[in-house]
Amino acid sequence: MKKANVNKSGKSTRARKVTERARLISGASPNVATVEELVTANRILYAQSVLDGYGHVSARHDTKAHRFWMSRSMAPGLVTPGDIMEFDLDGEPVDARGRGTYAERFIHSEIYRRRPDVNAIVHSHSPAVIPFGVTNVPLRPIFHMSGFLGTGVPVFEIREVAGDTDMLVRNPALGAALALRLDDKPAALMRGHGSVTVGISLPQAVFRAVYLEVNARLQSEAMKLGSINFLTSEEARLASAMSDMHLSRPWTLWKYEVTRRNPA
Ligand SMILES: [Zn+2]
C-alpha cells in the first residue's frame, strides 16, 4: 500500500494540494477561487442533506490568516459569490454593506483563532448525529470512510459554560469554549444542537461533515442489531489517510451535481 503523505502533526497535505491544483487549472487568483469554492461547498452541503435552511460553512482567507470568508445570513443552498462576506477573528464583518450575519459566526472565528491548521469549517444540524450528543454513547468510526473519527469525538455541553440558553453559539466566549472542547480533533458534537467539522481545506471539511452524518446513521442502525466491531485506532488512522488521498473524487462528483459543469 502506498504510504500517505502525512506531516508532523499527522495531517495529510493532499487535501490542500487538491484545492491548489484546481486553482492552477482555473487560473483564478487564490481569493477568487476560494470564494467560488465556498459557494460550491454551500451548495454541496445542501445537496447532500447535511445543511438545510440552517447551518453554515466557512473558509480561511488565503492571504490574511486572521480573516475568513462566510456567507451572509441565508439558506446555504441559495448562496452566490455576492453573498460571501469577509470576517475578522472577533467574528465581525469587515465590510457588511447592510448584509446580515449568522448569529453563530463565533463558532468559526474562535476555531480559526485556536487552530492555525484549520482552513475550513462546517457547522451543521444534520439529524443522525444528534442522538450521540444527548446520550452517553460515543460516536466511533464504524467504517473506513469515517476513519477521521478514530481520534475521538468530543461533545460540547453549552450548559456547563452558560447555563440555560437558546443553544446557539452567539458570542465569542461560547465560540472559544467550543473551540477548546474541539481541541485538536476533526469533529465535535454539540449537545442538543448539532456538530462542527474542520479541515485543512473545504473538500476535507465537507467530506468530514458528510461522513460524520453517514457514520451516525450506520452506527444507530448497527446498534439495533447487536454489539459493534468498530475500526481499531490504527485502522481508523490508516483509513483516514487513505480517504485524504482521494478527496478530489467525491468533491468532483458533488461539484458536478450542483453545477452540472464537468471539470474535466
Ligand atoms: Zn447551529
Residue check, ALA177 within 16 Å of the ligand (Cβ to nearest atom), assigned to a loop (DSSP other than H, G, I, E, B) and either buried (at least 23 other Cβ atoms within 10 Å of the Cβ) or not aromatic (Phe, Trp, Tyr) (or both): no
First in the stretch 167-191 and among the polar types (S, T, N, Q) and at pLDDT 95 or above, second anywhere and within 15 Å of the ligand (Cβ to nearest atom) and assigned to a helix (DSSP H, G or I), Cβ under 9 Å, 6 or more apart: ASN171/PHE106; ASN171/ALA162
Single residue of the stretch 90-111 satisfying the filter (surrounded by fewer than 23 Cβ atoms within 10 Å (Cβ to Cβ) and aliphatic (A, V, I, L, M)) that is nearest to the ligand (Cβ to nearest atom): ALA103
Some residue of the stretch 160-172 being polar (S, T, N, Q) and away from the ligand (no atom under 16 Å from the Cβ): no
Total residues in the stretch 127-148, condition more than 24 Å from MET242 (Cβ to Cβ), under 18 Å from the mean Cα position of the chain (by Cα) and among the β-branched types (Val, Ile, Thr): 1
Which numbered condition GLY192 misses (of (1) within 16 Å of the ligand (Cβ to nearest atom); (2) surrounded by 15 or more Cβ atoms within 10 Å (Cβ to Cβ)): (2)
Matching residues in the stretch 94-122 - criterion: being of a type in the set (Gly, Ala, Ser) and either outside any loop (DSSP other than H, G, I, E, B) or closer than 16 Å to ALA59 by Cβ (or both): SER109, ALA120
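The values are calculated or read from the model by the stated rules, or taken from the named source; none is laboratory data. It should be emphasised that the depicted structure is a prediction, and the values quoted were computed from it without experimental measurement. FYI the Cβ positions are ideal-geometry reconstructions off the backbone, even for glycines, and counts take in every protein chain you see.
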